[in-house]
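Undergrad: One structure is given below, represented as C-alpha cells, and several questions about it will come after.
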C-alpha cells in the first residue's frame, strides 16, 4: 500500500510555542495573524487554535472565552484555511463556533477532541452536528471492564474506542467516516517503556484493516514523539517516525509545519535504526513488557551515543 497524502494541522498557535505564548500574553491578535499566515504559506490543511495553559503558563477558562471573540475573526481575515479548535471544555468550543464564519473557510472546521473521559460528550457531538464539523476522537482512552475509563493498553482497546465513537457519531449526528479523525495516541520515545510507540503503529494498521472503518482519517501529535531526545535529534526523529506512521496508514498530523512535516525516505539510516529500536521493544517469550521496554530504551541510547 502506498502511503496516503499527509494533511497537516499546523500547531504553532499553541502556548507551548514561544511566539504564540508572547502573542497570548499581550493579547496581540496581529501575532496570531502572523502565525496563521506563516502556516498557510507552508501549505497546511488546518490551523489549530489552542490558547490553554501549559506547565509554564497559567490560563483560566474565562480568559480564553474573553479572547476568542477577538482572535478568531482576526485569524479569518488573513487565511481561508479552516481552524481546528483544541480544548477539552465544551464552553470553549461553543464560544469558538459563535465567532467562526464557515463562509470564510475553504473546508470544515475541526472539533478537537472527544474521548471516553469527557463528561460532556453529548454536547460536543451536538456541536459537531449543528455546525457541520469534522471531529478528532482520542482513541487512546478506553472503557474499562468495570465501566470506568483509562489509558488504552492494547490494539483491541483502541479499536473498540474507535468503533464506539464512530457508531455514536453516526447515530447521533449522521457523521460519515470521512469526517472522523482518530488519534491513537503517541508517547515520547525517550520514556516509552510500555510499548506505546509500537501500540500506536499497530493500531494504525489495525484501523486500516477494518472494512467498516474505511474512509476514517488517523492523526497523531507528532511533536510528542521526540520529547526528551537530544535537541539536534528531535526533528530527524519526528520525520523518521512520520515515515513509519505514514507507511502504516497515517494521513493527518498535528505538527510544526516549519520543521517536521516531510517524512524521511524509508531507506534513510535513521528510519532503519528506528525500525530496529522499536523491534527491540517487542515482548519476547518469557519476558514482561517492562523487560522489552528497557531493551528498547537501551537501543535508543546507543543510537544517541553513536550520533554524538
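Undergrad: Running a GNM on the chain with Cα contacts under 10 Å, which residue among 114, 216, 204 ends up with the highest mean-square fluctuation?
TA: So, out of 114, 216, 204, the one fluctuating most is 216.
Undergrad: How much of the DSSP bridge set in the chain is antiparallel, in percent, rounded to the nearest 5?
TA: Among the beta bridges of the chain, antiparallel pairing accounts for roughly 15 percent.
Undergrad: Mind giving me the nanometre distance, one decimal, between the label points for residue 306 and residue 63, set 7 Å out from Cα along Cα→Cβ?
TA: 4.5
Undergrad: Let me ask something else about it. Per DSSP H run of at least 4 residues, take -39500 (n - 2.57); add these up for the chain, divide by its residues and hand me the 222 nm value, nearest 500 deg cm²/dmol.
TA: It lands at -15000 deg cm²/dmol.
Undergrad: By how many degrees, between 0 and 90 and to the nearest 10, does the Cα long axis of helix 269-280 differ from the longest principal axis of the chain?
TA: Roughly 70 degrees, rounded to the nearest 10.
Undergrad: Run the numbers on the chain and let me know its relative contact order in percent, using alpha-carbon pairs under 8 Å that are six or more apart.
TA: About 16 percent, as a whole number.
Undergrad: To continue, here is another question. Does anyone have the angle between helix 155-173 and the longest principal axis of the chain? Alpha-carbon axes, 0 to 90°, nearest 10?
TA: For 155-173 against the chain, the angle is about 20 degrees.
Undergrad: What label, among [x] 18.9; [y] 23.2; [z] 16.4, belongs to mean projected area of the Cα convex hull in nm² computed from the structure on display?
TA: Checked against the structure: label [z].
Undergrad: Along Cα→Cβ, 7 Å out, is where each label goes; now give me the distance between the ones at residue 16 and residue 209 in nm to one decimal.
TA: About 3.0 nm, to one decimal.
Undergrad: How far apart, in nm, are the 7 Å Cα→Cβ label points at residue 101 and residue 168?
TA: 3.4
Undergrad: Taking only Cα atoms, what is the 0 to 90° angle, nearest 10, from helix 61-78's long axis to the longest principal axis of the chain?
TA: 80
Undergrad: Moving on. For residue 268, project a label point 7 Å along Cα to C-beta. Then give me every residue of segment 221-248 with its amide nitrogen under 11 Å of that point.
TA: From segment 221-248, the list is 234-244.
Quick note: the coordinates plus some simple rules give every number you see, no bench work behind them. None of these values were measured; they are calculated from a predicted model. Glycine gets a Cβ as well: all are built from the backbone with ideal geometry, and neighbour counts include every protein chain shown.
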